[in-house]
Each structure stands twice: as C-alpha cells, then as structure tokens.
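Contents: one structure, followed by commentary.
The values are calculated or read from the model by the stated rules, or taken from the named source; none is laboratory data. Source: prediction; values computed, not measured. Counting neighbours? That spans all protein chains shown, and the Cβs are built from the backbone with ideal geometry, glycine included.
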Amino acid sequence: MSKGIMSREFVIPANDFAAAGEASSSMKRMLAQLGVDPLIVKKTAISMYEAEMNAVIHAGGGKAFVEIDSEKILIKIKDKGPGIPDVDMAMVEGYSTAPDEIREQGFGAGMGLPNIKRYSDRLDITTEVGKGTTVEITIFLK
C-alpha cells in the first residue's frame, strides 16, 4: 500500500445499540479485502469496536476517523460527551460508569479501555470534562 492510501469517516450513533459496531465491522471487512494479516484485522476490529461502544454508551455517539497507510492503521474516535474525569481509573478492568440499564443489556462491564490498550499498539486518550474525548488507536501493519 502506498502512503496515505485510505481514509474513512463514520458517524457513531447515540444510544443505538442495533447500529453500534457498524463502523468496526465495516473496517474489518475492508481490511480483510485488502489482504491485511488476520491477526491485525482482529486487533483493529476489537479496538475500534470497544471505542465505538464507549462513544455510544457514555458520550451520545460521535465520529470515527480511520487512516490506513503502508505502516499503520490510525483510528480516532471523537465525541462531545462528558469527558473522562479519571483516565487512570477508567483503565482499570471492571471499572465502569455505565448506568444500570446499559449493564442490563450486557454492556458497560468496564473492559472497553483495557481491551483497547490490550489489542492496540498505541493508545492515546485526550479528554476534557464537559467537552468530550478523543481516543486515538494505532495498530502497526508490520
């Protein structure tokens, strides 16, 4: 692939669990069609899905921006939600601020950010309480 070969943008719907995950599923199909290593496809799909679900559950939706070049996949999930008051705490497995009605649906187990960290090669979180969050995920192709 040549430098800057592809970029995609997706809208992440607010509180729509039926549509949640469509962006990561679309990326998974596209990467597979491009012949990307299946392990990298899996890492990308899991990381992006977790970030996408966090935007749906906690932030009223947002946008996903994906750039793929010859070296890496860069995923940015941006939202205008409440922000993350304590990123260190949010990185602890099992810690969740999801409301009970979300947990009753099987979401909000507190594994989103820990799973993104586990499956990505790099995770950067920029957040401001009351303004929103940007989660930047990098997965190297080599």
Filter pass, SER24 being closer than 20 Å to ARG8 by Cα and either of a type in the set (Ser, Thr, Tyr) or touching a Phe, Trp or Tyr at 6+ places or on another chain (Cβ under 9 Å) (or both): yes
Can you tell me which of (1) more than 17 Å from PRO13 (Cβ to Cβ); (2) among the β-branched types (Val, Ile, Thr); (3) crowded, with 19+ Cβ neighbours inside 10 Å is the one ILE125 doesn't meet? (3)
Residues in the stretch 28-38 that are in contact (Cβ under 8 Å) with a residue 40 or more places away in the chain and not acidic (Asp, Glu): how many? 2
The stretch 51-82: number of residues that are surrounded by fewer than 20 Cβ atoms within 10 Å (Cβ to Cβ), among the polar types (S, T, N, Q) and within 12 Å of the chain's Cα centre (by Cα): 0
So the check is Cβ under 6 Å with 6+ separation or different chains; which pairs have a first residue in the stretch 117-131 that's more than 26 Å from ALA45 (Cα to Cα) and at pLDDT 95 or above and a second one that's of a type in the set (A, V, I, L, M, F, W, C) and outside any strand (DSSP E or B)? none
Before we move on, is GLU52 closer than 19 Å to ILE116 by Cβ, in contact with a strand residue (DSSP E or B) (Cβ under 7 Å, 6 or more places away or on another chain) and acidic (Asp, Glu)? yes
Output the residues belonging to the stretch 107-142 that are part of a strand (DSSP E or B), hydroxyl-bearing (Ser, Thr, Tyr) and out of contact with any Asp or Glu (no Cβ under 9 Å at 6 or more places or on another chain). THR127
Yes or no: VAL87 at pLDDT 90 or above, surrounded by 16 or more Cβ atoms within 10 Å (Cβ to Cβ) and either touching a Gly at 6+ places or on another chain (Cβ under 8 Å) or not aromatic (Phe, Trp, Tyr) (or both)? no
